[in-house]
1. Can you pull out the trypsin sites (Lys or Arg not before Pro) in the stretch 309-414 that DSSP calls coil and that have at most 16 other Cβ atoms within 10 Å?
2. So, R0 is 22 Å and r is the distance between the beta-carbons of residue 263 and residue 110; what FRET efficiency does that work out to, to 0.05?
3. Principal axis extents for the stretch 1-145, Cα atoms only, whole Å, descending order, please.
4. Using 25 Å as the Cα-Cα cut-off, could you pick out the over-long pairs in 21/403; 70/176; 33/279?
5. Note the full-extension length gain between residue 414 and residue 82 as 0.36 nm times their separation in residues minus their Cα-Cα distance, in nm to one decimal.
6. Among the helices of the chain (complete DSSP H runs), which have Cα atoms covering no less than 18 Å along the helix axis and a Kyte-Doolittle mean of at least -1.0?
7. Given springs between every Cα pair under 10 Å in a Gaussian network model of the chain, which of 160, 301, 187 has the largest fluctuation?
8. Please report, as a whole percent, how much of the solvent-accessible surface of the chain comes from carbon and sulfur atoms (probe radius 1.4 Å).
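The values are calculated or read from the model by the stated rules, or taken from the named source; none is laboratory data. All figures in this text were calculated on a predicted structure; none of them were measured in a lab. Backbone-built Cβ (ideal geometry, glycine too); neighbour counts: all protein chains shown. Quick note on the areas: whole protein, heavy atoms, side chains included, nothing else; ligands and nucleic acids left out. Shrake-Rupley method; radii C 1.70, N 1.55, O 1.52, S 1.80 Å.
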Amino acid sequence: MSENLNVLLSTQYIIEQALTKLGYSAAMVDLLKEPMRVLTVRIPIRMDDDTVKVFTGYRAQHNDAVGPTKGGVRFHPDVNEDEVKALSIWMSLKCGIVDLPYGGGKGGIICDPRQMSFRELERLSRGYVRAISQLVGPSKDIPAPDVMTNSQIMAWMMDEYSRIREFDSPGFITGKPIVLGGSHGRETATAKGVTIMIDQALKKRNIPLQGARVVIQGFGNAGSYLAKFMHDAGAKVIGISDVYGGLYRPEGLDIDDLLDRRDSFGTVTKLFKDTMTNKELLEQECDILVPAAIENQITEENAARIRAPIIVEAANGPTTLEATRILTERGVLLVPDVLASAGGVVVSYFEWVQNNQGYYWTEAEVHARLQEMMEKGFENVYNVHMTRNVDMRLAAYMVGVRKMAEAARFRGWV
Ligand code: GLU
């Protein structure tokens, strides 16, 4: 029988394990295994050909015991309620691991932005904000970019929210363009965070960064910047991929050329003849494998064939539970998504702080603080992994859920 790939069920399973190991009650598990609030909205949009199309969107708020909820909005044809719920729980864990004053939230719209015009995307972004506006706000729930959404979409959403509220509200959303109160370093933050995690993991395995061979699955926001950072730091990026396939060159890829030729959705491999599938790419020999695309890429079916000694998850949910077990048993050092991809929300937090204060930081200040918070997160998770003898994913959940559970206890909820 093949394993269950429902990301919500597997998340709930580890949440329960983590809370039980920490000594919390069944009631706490019951509270934290589901978002406290999920809104489903229907958004009618007039398309460019004058027909009306009705889109379905969601916003899930996992838990606000620690503070307002925070997390991105994805535009993707595969968005569904269970996925949005799981993603909101993962956001809570990320915020807990890097110690931000937030709970987790997440949103999504079922759509394919690659098939939509600029104006249709604007109408959809504004329509979504109108539909969820009662539930969100700078001290309630703060959206951000996620899969196939970007700073332009954040700008439209911020503008729509500001019009509804009748005052300028930059702190309503993060990941904005710099001129609208965005933060330096937000665009590259997820990738920067992943490079910091790669550094930490390489140190634990005594592998030098110079010449380390890196394979990156995905060439979107996280994957493309990461390829550039790794290449510039002296590592050898030997594989990248997009939805259409993978490029693998053991002698190293010309990353600057690929970046020049990629389109705004991160696709570039179509321009090449000599490609392989995403599945094949994951199984190539390398020192560091970075899944930076979508969920359920490393499963019980291919885990035994993964040859990298270090896996750093830049995407949300790329490795299943069973695959995590197989890889851990084989001695692979796995830096889980809720830790490895937290760089985005860390700099989103910096952006929100800057908006609230109306005082803006330099890129160097952002990076120094990001580095400090990510390193601390890694150390905490790695220590729990070693001292409690649990895999890195369970360790990350234990670190990530603790603050939220304590906050809920102090508030007298459980
Ligand atoms: N969507 C990103 C994530 O999954 C960033 C969220 C944020 O910046 O709030 O972590």
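1. For trypsin sites (Lys or Arg not before Pro) across the stretch 309-414 that sit outside H, G, I, E and B with at most 16 neighbouring Cβ atoms in 10 Å, the list reads 330, 388, 411.
2. Efficiency for this residue pair is about 0.50.
3. 58, 45, 23
4. Long pairs (Cα-Cα over 25 Å): 33/279.
5. Here the segment from residue 414 to residue 82 would lengthen by 117.1 nm.
6. 7-21, 81-97, 118-132, 151-165, 189-204, 343-357, 363-387, 392-410
7. Of the options given, 301 has the highest mean-square fluctuation.
8. Within the chain, the accessible surface is 49 percent carbon and sulfur.
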